[in-house]
1. Among the residues of region 46-82, count how many are surrounded by 13 or more Cβ atoms within 10 Å (Cβ to Cβ), in a loop (DSSP other than H, G, I, E, B) and more than 10 Å from the chain's Cα centre (by Cα).
2. Of the numbered conditions (1) touching a helix residue (DSSP H, G or I) at 6+ places or on another chain (Cβ under 8 Å); (2) farther than 19 Å from residue 102 by Cβ; (3) not in a helix (DSSP H, G or I), residue 43 fails exactly one; give the number of that condition.
3. Just to be sure I understand the filter: pairs with C-beta atoms under 9 Å, separated by 6 or more residues or on different chains, first member in region 66-86 and at positive phi, second member crowded, with 17+ Cβ neighbours inside 10 Å and in a loop (DSSP other than H, G, I, E, B). Which pairs pass?
4. What number of residues within region 3-35 satisfy the criterion of being farther than 15 Å from residue 64 by Cα and loosely packed, with under 11 Cβ neighbours inside 10 Å?
5. Right, residue 93: part of a helix (DSSP H, G or I), surrounded by 13 or more Cβ atoms within 10 Å (Cβ to Cβ) and in contact (Cβ under 8 Å) with a residue 12 or more places away in the chain or not?
6. Count, please, the residues in region 30-73 that happen to be more than 27 Å from residue 106 (Cβ to Cβ) and at pLDDT 95 or above.
7. Any idea which residue in region 96-111 is surrounded by the fewest Cβ atoms within 10 Å (Cβ to Cβ), counting only those that are in a helix (DSSP H, G or I) and without any contact (Cβ under 8 Å) to a residue 12 or more places away in the chain?
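The values are calculated or read from the model by the stated rules, or taken from the named source; none is laboratory data. Since the structure is predicted, the reported quantities are computational estimates derived from the model, not experimental observations. Glycine gets a Cβ as well: all are built from the backbone with ideal geometry, and neighbour counts include every protein chain shown.
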């Protein structure tokens, strides 16, 4: 609103809007954020940088328009989706993210009188899954972390090579013998 993020939408968040937001979220967001929004989607499990967890304190405090802005402009490793997702659908996804946040952080006091609450672990057991199936999901070991590794700079060892290390790769001839790389023309840049 007036160039500032706000916790509001340009149209009502009806059940139809939330259903559309869920459908678009499942298509565009779950590969990285997962269906539950914990940032451990299939792409992350295969080694991509962890996505934002919609249930951490930082993202729980973000206004709705923040999610619209990020989908429109990208943020960090996340590209923009303005070419793939219409503005109306971006707002619908933002509304669904908020509904997802509320559902994952609901308390008994949020339940209307007369409604029964059943724990996710009980539901999992009724479905034949272990109770732990409904617990927190750990970050997969294949996920890339955003923390720098000690001794690594830009993906390479941080220490300079020893005096005997080759500084220019050598090629192999067709006979398998090592050959010297071709000399650069004088004045050529490396």
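1. The total comes to 7.
2. (3)
3. These pairs meet every condition: 74/81; 76/52.
4. The qualifying residues number 2.
5. The answer is yes for residue 93.
6. So the answer is 2.
7. Checking each candidate, the answer is 109.
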